[in-house]
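Working notes for the structure below.
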Amino acid sequence: MNRNLRKTVIAGNWKMNMTPSQTTAFMKELSPMVTDAVCDVVLCVPAIDIPAAVAATAGTNIHVGAENVHFEEKGAFTGEISAQMLTEAGVTHVVIGHSERRQYFGETDHTVNLRTKAAVEAGLHAITCVGETLEQREQGITAEIVSMQTKIALLGLDADEMKRVIIAYEPVWAIGTGKTATAEQAQEVCKIIRDVIASLYGDNVAQATSILYGGSMNAKNAAELLEKEDVDGGLIGGASLKTADFTTIVHAAG
Ligand code: PGA
C-alpha cells in the first residue's frame, strides 16, 4: 500500500451471515476495538442487517456497506435494491460483481459495469470485484481475464467517478478455501489492475485508486499481503465475522 497516494481500505464481506440482532451485538463489540484505525473500516452486510448496522455504528469510524445493488432506479425488479435505497439507509459502500454472484446469480461483466456505474452515480463507493478461476490461472490467462474484467467494469466511467471506485482482486480459487494467494501473486495482479487503470485514465487516477486483495485473508497473513506496494487493503469474508480477527487485520493495515 502507499498511504501517501491512496486510501487503505479494510472491508468485511459478511455474505449470508448474521441476523439483525447479531449485527447489533457485533458492531457494539467491534466499535471500540477499531477507533484507532488509520485505514477506512467497512463492513458489507446483508441488506436486512443494514438498519441495525447503521444504528449501531452511528458516531463511529465504521462504514456500512451492502453486498449488491441494482442498476435501475426503480421498477419491476423483484428482490433487488436500488442505489438510492442504500444511500438513504446510510450505506456508503457496496460490493459489486463478487465471484459468488457471478457464479450463482448470473452476474456478468456487463451487469457488473451497469451496477458499478449506478453505484458511483448515486455517490456510493463501489467495491468492484475481479479475479480468475483456478482453471484460468493454470491456463496462464490470469492477466488477460483480470484486465478484461476491469476494463468492462469501468466502461463509461469518467475520471471523477473513479474517485468512488475501489477494485478488489479476488482470485476465485482463494475465496473461502483457506488457500491464500501469496503476497507476490497478489502484488503481481494488483499491479496489472493498476496498469489497466493507468492506460484508461492516466497515472494520477491509477495511483489514487485503492486496489484490495481478497481471498482467505486472515489475522495471520494480512500483514504480509498489505506490505505490498499495490495492495491497498483487503476484502475479507470469513475473518470479518469475528471481531478479534477483523480488528487484527485493521491494525495490520496501519
Ligand atoms: P474469504 O472471502 O475471506 O472467506 O475467502 C473473501 C471474499 O469472498 O470476499
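The residues packed around T108, meaning those with a beta-carbon under 12 Å from its beta-carbon, carry a net charge of +1 if Lys and Arg are +1 and Asp and Glu are -1.
For E132, the residues whose amide H sits under 5 Å from its own are V172, ignoring neighbours fewer than 5 places away on the same chain, with H placed 1.01 Å from N. Note on K151 and A244: the model spin-label points, each 7 Å out from Cα along the C-beta direction, lie 4.7 nm apart. Taking the chain as a Gaussian network of alpha-carbon nodes connected by springs under 10 Å, the highest mean-square fluctuation of the residues K220, K151, K191 belongs to K220.
For the chain, what does -39500 (n - 2.57) per DSSP helix run (n ≥ 4), summed and divided by total residues, give at 222 nm, in deg cm²/dmol to the nearest 500?
It lands at -11500 deg cm²/dmol.
Available extension along the chain between A198 and F105 is 30.4 nm, counting 0.36 nm per residue and deducting the alpha carbon span. A simple packing score, the average count of other Cβ atoms within 10 Å per residue, orders the peptides 84-91, 16-23 as 84-91, 16-23, with the highest score first.
The protection proxy used here, the mean number of other Cβ atoms lying within 10 Å of each residue, ranks peptides 196-206, 114-124, 34-44 as follows, highest first: 114-124, 34-44, 196-206.
Here the contact order of the chain, divided by its residue count and restricted to Cα pairs under 8 Å and six or more residues apart, works out to 23 percent. Distance between the 7 Å Cα→Cβ label points at A223 and D160: 4.3 nm. You can think of it this way: the chain between L5 and A25 has 3.7 nm of extra reach, that is 0.36 nm per residue less the Cα-Cα gap.
Bear in mind that the values in this text are calculations on the coordinates, not laboratory data. Please read all numbers here as calculations on a predicted model, not as lab measurements. Neighbour counts run over all protein chains shown; Cβ positions are idealised from the backbone, glycine included.
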